[in-house]
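These notes concern the structure reproduced below.
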Amino acid sequence: MPNAPDSPCHVTLTAQGPLLVEGPVEVTAPDGSVHTSDRFVVALCTCRRSAIYPWCDTSHRARPRT
């Protein structure tokens with residue numbers, strides 16, 4: 001699912017939370033599994049605490065990062 005050249009993918013970095021990506025998206029996880037979403041914005045987990053990884057479930061709020 002490559003991006004169209006006339007509409008680049010927009011990614012937003014958040015200070016204490018997920019990576020926000022304008023969708024639709026296709027994510028390849030470290031184990032090689034592919035996850036897709038057709039939502040207009042998706043939150044990708046950056047702390048690996050999410051029960052629905054690679055999507056963020058706000059588990060990062062439970063403990064602060066060290």
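Place a point 7 Å from the Cα of Glu26 along the Cα-to-Cβ direction; which residues of region 38-55 have their backbone N under 16 Å from it? What the label zone holds, given the 16 Å backbone N cut-off, is 38-39. One decimal place: the segment Leu19-Thr58 gains 12.9 nm when fully extended, by the rule 0.36 nm per residue minus the C-alpha distance.
Bear in mind these aren't lab numbers, they're just calculated from the coordinates by the rules spelled out. Just so it is clear, the structure is predicted and the values come from calculations on it, not from any experiment. Virtual Cβ from ideal backbone geometry, glycine too; neighbours counted across all protein chains shown.
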